[in-house]
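To keep things clear, I will list the structure first and then write my remarks on it.
The values are calculated or read from the model by the stated rules, or taken from the named source; none is laboratory data. It should be emphasised that the depicted structure is a prediction, and the values quoted were computed from it without experimental measurement. Quick reminder, even Gly has a Cβ in these numbers, built from the backbone with ideal geometry, and neighbours come from all protein chains shown. What goes into the accessible areas is simple: the full protein's heavy atoms, side chains included, and nothing from ligands, DNA or RNA. Shrake-Rupley method; radii C 1.70, N 1.55, O 1.52, S 1.80 Å.
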Amino acid sequence: KDFKVGARTQRLVLLELEAMLERVALQSSAEIQKPSAQVLPEQLSFVERITSFLAAHFREPLTIQDIAAVVDLHPKYLMTVFKQSCGITVKTYLLHLRLAHAQRLLSTTPLSILDVAMESGFGSLGRFYETFADHVGERPLAYRRRRQPGLIRPA
């Protein structure tokens, strides 16, 4: 027997999935930001400012110099403080934000893969495909098909 889901029910399911992915991203972000025992209070303040800036601007092309200018730190000091505090590099943290956003878009929207790549801050489709496959373990379209089997996608 065929089971048909109404548009409203499908939208509710997608919203629930989106909320779940947001919670996972927030939990991962909170775990990444747990400071080590050697972090000074002023360093934590810098890290909070850096992560806030990255969360607001991850879709944009960013350099360490851009981030350092915003938080008023020397680029090398910024990278050192961030790595000591978070256990990962700024570049890795930025990549996690972009990939989490791309996964959310692939799971909850009918945007084309190119639009997902650009909306997530990747500079090119090729870079997006390579990075997504390396870190997520499958290509973006396969990821979407497993999460949205009934969604009609634009050509």
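Quick look at the numbers
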quantity: Of all accessible heavy-atom area on the stretch 77-131, the percent that carbon and sulfur account for (1.4 Å); calculated: 60 percent
quantity: Rounded to whole Hz, the Karplus (6.51, -1.76, 1.60) HN-Hα couplings of the stretch 76-85, x for glycine and proline; calculated: 5, 5, 4, 5, 5, 4, 5, 4, 5, 7
quantity: The stretch 126-131 - phi-based ³J(HN,Hα) in whole Hz, Karplus 6.51/-1.76/1.60, Gly and Pro as x; calculated: x, 5, 4, 4, 4, 5
quantity: Value of relative contact order over the stretch 45-99, rounded to a whole percent, pairs C-alpha under 8 Å and six or more apart; calculated: 38 percent
quantity: Net charge over other residues, Cβ less than 15 angstrom from the Cβ of residue 62 (K, R count +1; D, E count -1); calculated: +3
quantity: Integer Hz, Karplus 6.51/-1.76/1.60 couplings in order for the stretch 46-57, x for Gly and Pro; calculated: 4, 5, 4, 5, 5, 5, 5, 5, 5, 4, 7, 10
quantity: Förster-model FRET efficiency, 41 Å R0, residue 77 and residue 145, C-beta, rounded to 0.05; calculated: 0.40
quantity: Computed E for residue 69/residue 89 - FRET, C-beta separation, R0 30 angstrom, nearest 0.05; calculated: 0.95
quantity: Per residue solvent-accessible surface (Å²) - the stretch 68-155, probe of 1.4 Å; calculated: 52 Å²
quantity: Largest-first ordering by accessible area, 1.4 Å probe, given options 72, 66; calculated: 72, 66
quantity: Rounded to the nearest 10 Å², the accessible area of residue 130 at probe 1.4 Å; calculated: 110 Å²
quantity: Largest-first ordering by accessible area, 1.4 Å probe, given options 74, 96, 57; calculated: 74, 96, 57
